[in-house]
Structures are given as C-alpha cells and as structure tokens.
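Visitor: Next up is a structure, given as structure tokens.
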C-alpha cells in the first residue's frame, strides 16, 4: 500500500511539473497574433547633475523614493533617447478560459542591457521584468535616465567604456497564475546594434557657493554709531587746528 501511495505521489508531481512547463513554453493564441516590433534606434549620453545642498533638501530618485540630503549630492546618469515606433496600445478582453488573459493592456516597451566593453557576456539589465520594462512614451522620442550608482553598486568605473543595447517588446507583463512569478506575453525584436559610452575619468565635486554674510540690525546699528562718532571727532579736531 505504501509503495502504491509513493508511486501515485511521484506520478502526480510529474504531471504537475509537465503541466507547468507546457504552460510556460506555449504562448497564448493572442500573443502569437501580436506584431513583432522593429529593432530600436537610440542614442545615449552621460549627464552630470551633481550639486551641493547647503541646507537639508528632499530629493526623489528615478524609482520614486525620497530622501533628505545635505552637502555634496552625486547625481550622474546615463540618458537614453529611443525613437518611438508606430503603435497604439490596446486592451485584450477578459477571457476566463485563458489563464494568461485577465484583461491586459498590450503596450510597446523597451528592455535595456549593458556591460563593460572588456566583457564578453551581457549580464546586467537596466530594465527588469518585475518593473514592467520601459514604456514607450506618448512624445517622441522616449527619454529615460538611469543613475549610475544603482547600476554600479561596487563603484562607478570612471574612465571605462560601457556598451548598451536596447530591445523592443509588444505585449504585457503579469504574474504567472500557477508559479506566481512575473512573466511577459508578447513578441520581441532582436537586440539593437551596440552603442558605447565612455564614463569620464574624473569627476569634480561641486563646491558650496560662497555667500556674503548678512549683517543684522543689531550689528549695523553699533557700526553706524561708531562711524558717526569718528566723523564728529575728526571734524572737531579739524576745527581746533584751523582756529590755531
């Protein structure tokens, strides 16, 4: 009896694994009908917006997180300018028989990856599946800036050459209904030709702007009286000298 139960449990596990793999590998019908986007055209540039905050200042990063800073604030970014493609987002009607379809909006998105030029493999992705990728904007081109610090947690490779590629996607991102993990349903373009950006070898930290000290009336009044007293005494001494 025990061996039969173990055999049944093993068979049940195999069935569930096979079902899960089949659902992962087979795209839904509406995904197969989506058009394939063109390979993106883009440009990149290095932007240094670092500044010096003389007083506590609240700033918001690229992910919407706020923090209070003071003193030198480093804000170096890689800015992407991606040429928009002709596409109008649309919504797929809800279909209870399709586990992939819960009433999703099909959009055109971009995936971005990077590596140092000296490396062979693309191991770092700026955009992520769980974040929904970079949505194409309504205005052309799509502009997106990414701070260098989160991209290089072990230190910014100043003086290094960094390669970037962009991929276009048409579809939607949602949680997979069985494994409860993020998945993308749709079509993808090939990766764009590589563009290389050189991070400047040195970075000059902005210095605090010198300010002229403000004098309060408590300081100005005694100074004014002192100047007046000196002027009067000088005038009196000058008169005595003239009378002699």
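Visitor: When you scan region 119-144, how many residues do you find that are in a loop (DSSP other than H, G, I, E, B), under 24 Å from residue 160 (Cβ atoms) and under 18 Å from the mean Cα position of the chain (by Cα)?
Guide: Pass one, region 119-144, residues in a loop (DSSP other than H, G, I, E, B): 119-123, 126-128, 132-133, 136-141.
From what is left, the residues that are under 24 Å from residue 160 (Cβ atoms) are 119-123, 126-128.
Filter once more, so that each one left must be under 18 Å from the mean Cα position of the chain (by Cα): 123, 126-128.
Residues flagged as in a loop (DSSP other than H, G, I, E, B), under 24 Å from residue 160 (Cβ atoms) and under 18 Å from the mean Cα position of the chain (by Cα) within region 119-144 amount to 4.
Visitor: Moving on to the next point. Go through (1) at negative phi; (2) under 19 Å from the mean Cα position of the chain (by Cα); (3) modelled with pLDDT under 80 for residue 163 and report which single condition fails.
Guide: (3)
Visitor: Considering region 84-118 alone, what residues qualify as being assigned to a strand (DSSP E or B) and either farther than 30 Å from residue 157 by Cβ or at pLDDT below 85 (or both)?
Guide: If we filter region 84-118 for residues that are assigned to a strand (DSSP E or B), which is where we start, we get 90-91, 105-116.
Matches in region 84-118: 90, 91, 105, 106, 107, 108.
Visitor: Can you find, within region 50-66, the residue that is farthest from residue 161 (Cα to Cα) among those that are modelled with pLDDT of 80 or more, in contact with a strand residue (DSSP E or B) (Cβ under 7 Å, 6 or more places away or on another chain) and surrounded by 10 or more Cβ atoms within 10 Å (Cβ to Cβ)?
Guide: Among those residues, the one meeting the criterion is 57.
The values are calculated or read from the model by the stated rules, or taken from the named source; none is laboratory data. Remember, it's a predicted structure, so these values are computed and weren't measured experimentally. Glycine also receives a Cβ, built like all others from the backbone with ideal geometry; neighbour counts cover every protein chain displayed.
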